[in-house]
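Visitor: Just passing along the structure, written as structure tokens.
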Amino acid sequence: MQKIKIYGTMLIALLIAQTIVAQQVYDARGVGMAFSNAADARGLEQIGLNPAMLAVKHPFNFELNIFSANAGFTNNSVSKGFYEQYFTTGDSLTLTDKSDILNAIPTDGLQGQVSGRFNTLAVYMPHFSLALTGIGSGYFNLPKEVAEIGLYGNEDLNRTYDFSSADASGWGGAEVSLGLGFNADFLRGGMFDFAAIGFSSKYIIGLQYAEVEKAEGYFQNIGETNNFVKLDGLVEARRATGGSGFAFDMGVVLQSKDKITISAALLNAIGSVKWNAGTEMDFYSVNADSFGVSSDGFNTDSIFVTNDSTYAIDPFSTRIPAVFDLGMAYHATKHFLLTTEFEQNMSKSMGTLKSTRLAFGTEFTGIPLLPLRVGMSFGGARGFSTAFGMGLNLKYWFVDLALVNHGGFSTGKARGFTVAATTRFRF
């Protein structure tokens, strides 16, 4: 029987705005501490985190953001070193190479996320902040069977390959947020000599949205007694090109003698986006139930039937994922800060997944003008991550930079990266 190889390709396009959301942090300082600084995010650093931090003492009475952004990508299978070893040398893949590549992909499939935040217009005054930001995120899952066919072809006779685990979602837009923080003397007591509560309201402008609603598919291979290959696939995805909505955050801060700060916040406690512009459903299917193969070659009666259509649908709403965030900061000395943060993403929606994350970070400011930061994060959508950050602090103007390796300590072991930069005036 003549062997053939069938290469399957699945492409899911996510329409994401120019900026793409990493944890809840915008500033490079927080990124350099592995997203662990919620309890020490003062001034404009609290945007996206706990609005109660607006009431905490800050050395400056006014801040004007110039630029702050972070963007990242991560996946669950392929590290930078792995990619360079197998995909950049130009050498043909051996059977061992193919086995290593396939074994690197979990049974659930190759998963990846893109994320980022962008902030170029924001102001802070005590107890108050106003910001215009760009936001978005994206997620995809490619079935392991697709990679298996791509590497080995249809050598596994009588095998049925299931593609139904394919999934993807993504969105992008802009957000106008107003934050207010208030002293809360009624919460003071015991070891805590300061307390505050805060609220933020956000008006969200949705620019693009795409989500796979339904994915089904299988490939049934030929066998000793079966001369026909069957291929059946279906993808339905809804998308939109515009919408709007609101979201609300609330938080509380407790502080003891300026040494220990505890932060607790429920972000997007209420929040959704109604998509009412360009709402469409994309439908694509392929079917080949008489793809014949014999010793004489292909059966001339083989038939491929495809259907590709798009139709308008009614406006729809999506829930903005709620996040519970708990953080603690400890000023061990004047120049040495320790932070920790627990974050629980409570829903799968709009390009994010349910996940639990724990992070630790530290900042050293003992070198004049040059703050240094490191951190580690566990769990969450990006798994184990290590972070490093540094800055140039000229008091009334500063620049911060940060890099996160998702998946290991070295860049070679990283399965993704987040980079961040912030610069701001303050007086």
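Visitor: For the stretch 43-50, indicate whether the set of residues that are at pLDDT 90 or above and either over 16 Å from residue 178 (Cα atoms) or surrounded by fewer than 24 Cβ atoms within 10 Å (Cβ to Cβ) (or both) is non-empty.
Guide: no
Visitor: Also, quick follow-up: Of the numbered conditions (1) in contact with a Ser or Thr (Cβ under 7 Å, 6 or more places away or on another chain); (2) outside any helix (DSSP H, G or I); (3) closer than 23 Å to residue 341 by Cβ, residue 67 fails exactly one; give the number of that condition.
Guide: With respect to (1) in contact with a Ser or Thr (Cβ under 7 Å, 6 or more places away or on another chain); (2) outside any helix (DSSP H, G or I); (3) closer than 23 Å to residue 341 by Cβ, residue 67 is out only on (3).
Visitor: Next up: Which members of the stretch 180-202 meet the condition of being exposed (fewer than 14 other Cβ atoms within 10 Å of the Cβ) and part of a strand (DSSP E or B)?
Guide: 189
Visitor: Write out, first by first residue and then by second, each pair whose Cβ atoms fall under 7 Å of each other, whose residues are 6+ apart or on separate chains, and whose first residue, in the stretch 395-409, is acidic (Asp, Glu) while the second is part of a strand (DSSP E or B) and crowded, with 19+ Cβ neighbours inside 10 Å.
Guide: 400/389; 400/391; 400/422
Visitor: So, one more: On the basis of being in contact with a strand residue (DSSP E or B) (Cβ under 7 Å, 6 or more places away or on another chain) and either closer than 21 Å to residue 265 by Cα or modelled with pLDDT under 95 (or both), does residue 364 make the cut?
Guide: Values: in contact with a strand residue (DSSP E or B) (Cβ under 7 Å, 6 or more places away or on another chain): yes; either closer than 21 Å to residue 265 by Cα or modelled with pLDDT under 95 (or both): no.
Answer is no for this residue.
Visitor: Please find, within the stretch 136-179, the residue that is surrounded by the fewest Cβ atoms within 10 Å (Cβ to Cβ) out of those that are in a strand (DSSP E or B), more than 21 Å from the chain's Cα centre (by Cα) and not hydrophobic (A, V, I, L, M, F, W, C).
Guide: Filtering the stretch 136-179 for residues in a strand (DSSP E or B) gives 136-142, 160-162, 167-179.
Filter once more, so that each one left must be more than 21 Å from the chain's Cα centre (by Cα): 160-162, 178-179.
Restricting the remaining residues to those that are not hydrophobic (A, V, I, L, M, F, W, C) gives 160-162, 179.
Numbers: 160: 11, 161: 20, 162: 13, 179: 28.
Ranking the candidates gives 160 first.
Visitor: Shifting gears a bit: For the structure I just gave you, tell me whether residue 146 is of a type in the set (A, V, I, L, M) and under 30 Å from residue 244 (Cβ atoms).
Guide: On the way: of a type in the set (A, V, I, L, M): yes; under 30 Å from residue 244 (Cβ atoms): no.
Judged against the criteria, residue 146 is not a match.
Visitor: Show the residue pairs that are 6+ apart or on different chains and have beta-carbon atoms under 7 Å apart, the first residue being within the stretch 415-427 and closer than 19 Å to residue 404 by Cβ and at pLDDT below 95, the second being among the β-branched types (Val, Ile, Thr) and assigned to a strand (DSSP E or B).
Guide: 415/74; 416/74; 417/404; 418/404
Visitor: Next question. What is the one condition in (1) surrounded by fewer than 17 Cβ atoms within 10 Å (Cβ to Cβ); (2) at pLDDT 90 or above; (3) over 30 Å from residue 233 (Cβ atoms) that residue 328 does not satisfy?
Guide: Going through the list (1) surrounded by fewer than 17 Cβ atoms within 10 Å (Cβ to Cβ); (2) at pLDDT 90 or above; (3) over 30 Å from residue 233 (Cβ atoms), residue 328 breaks only (1).
Visitor: Restricting attention to the stretch 349-400, which residues are part of a strand (DSSP E or B) and either aromatic (Phe, Trp, Tyr) or touching a His at 6+ places or on another chain (Cβ under 9 Å) (or both)? First the steps, then the outcome.
Guide: First pass over the stretch 349-400, keeping only residues part of a strand (DSSP E or B): 349, 352, 355-364, 372-379, 385-393, 397-400.
Answer for the stretch 349-400, where residues must be part of a strand (DSSP E or B) and either aromatic (Phe, Trp, Tyr) or touching a His at 6+ places or on another chain (Cβ under 9 Å) (or both): 360, 363, 364, 377, 378, 385, 386, 388, 397, 398.
Visitor: Now, a different point. Quick test for you: out of 133, 74, pick the one residue that is within 16 Å of the chain's Cα centre (by Cα), β-branched (Val, Ile, Thr) and buried (at least 18 other Cβ atoms within 10 Å of the Cβ).
Guide: On the way: 133 fails: within 16 Å of the chain's Cα centre (by Cα).
Just a single option satisfies the conditions, and that option is 74.
Visitor: Just wondering, is there one or more residues in the stretch 402-419 that are part of a strand (DSSP E or B) and over 19 Å from the mean Cα position of the chain (by Cα)?
Guide: The answer is no; no qualifying residue exists.
Visitor: Could you say whether any residue in the stretch 133-144 is at pLDDT 90 or above and among the aliphatic types (A, V, I, L, M)?
Guide: Yes, that holds for at least one residue.
Condition check ((1) farther than 19 Å from residue 48 by Cβ; (2) at pLDDT 90 or above; (3) not acidic (Asp, Glu)) across all residues:
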| site | (1), (2), (3) |
| --- | --- |
| 173 | no, yes, yes |
| 194 | yes, yes, yes |
| 219 | yes, no, yes |
| 222 | yes, no, yes |
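Visitor: Filter the stretch 249-261 down to residues that are surrounded by fewer than 17 Cβ atoms within 10 Å (Cβ to Cβ) and not small (Gly, Ala, Ser) and give me whichever is farthest from residue 134 (Cα to Cα).
Guide: So in the stretch 249-261, the residues surrounded by fewer than 17 Cβ atoms within 10 Å (Cβ to Cβ) come out as 256-260.
Adding the requirement that they be not small (Gly, Ala, Ser) leaves 257-260.
Details: 257: 36, 258: 33, 259: 34, 260: 32 Å.
Going through the qualifying residues, I end up with 257.
Visitor: How many of the residues making up the stretch 213-228 are surrounded by fewer than 21 Cβ atoms within 10 Å (Cβ to Cβ) and touching a strand residue (DSSP E or B) at 6+ places or on another chain (Cβ under 6 Å)?
Guide: Number of matching residues: 8.
Visitor: What number goes with the only condition from (1) outside any strand (DSSP E or B); (2) more than 14 Å from the chain's Cα centre (by Cα) that residue 338 does not pass?
Guide: (1)
Visitor: Somewhere in the stretch 115-131, is a residue assigned to a helix (DSSP H, G or I), closer than 17 Å to residue 168 by Cα, out of contact with any His (no Cβ under 6 Å at 6 or more places or on another chain) and not hydrophobic (A, V, I, L, M, F, W, C)?
Guide: Taking the stretch 115-131 and keeping what is assigned to a helix (DSSP H, G or I), we get none.
No, there is no match, as no residue in the stretch 115-131 is assigned to a helix (DSSP H, G or I), closer than 17 Å to residue 168 by Cα, out of contact with any His (no Cβ under 6 Å at 6 or more places or on another chain) and not hydrophobic (A, V, I, L, M, F, W, C).
Visitor: I would also like to ask the following. How many residues, within the stretch 36-64, are assigned to a loop (DSSP other than H, G, I, E, B) and either within 20 Å of residue 363 (Cα to Cα) or in contact with a helix residue (DSSP H, G or I) (Cβ under 7 Å, 6 or more places away or on another chain) (or both)?
Guide: 12
Visitor: Another one. Could you grab me the full set of residues in the stretch 101-113 that are surrounded by fewer than 22 Cβ atoms within 10 Å (Cβ to Cβ) and assigned to a strand (DSSP E or B)?
Guide: Scanning the stretch 101-113 gives 110, 111, 112.
The values are calculated or read from the model by the stated rules, or taken from the named source; none is laboratory data. Small disclaimer: the values here were computed from a predicted structure and weren't measured. Backbone-built Cβ (ideal geometry, glycine too); neighbour counts: all protein chains shown.
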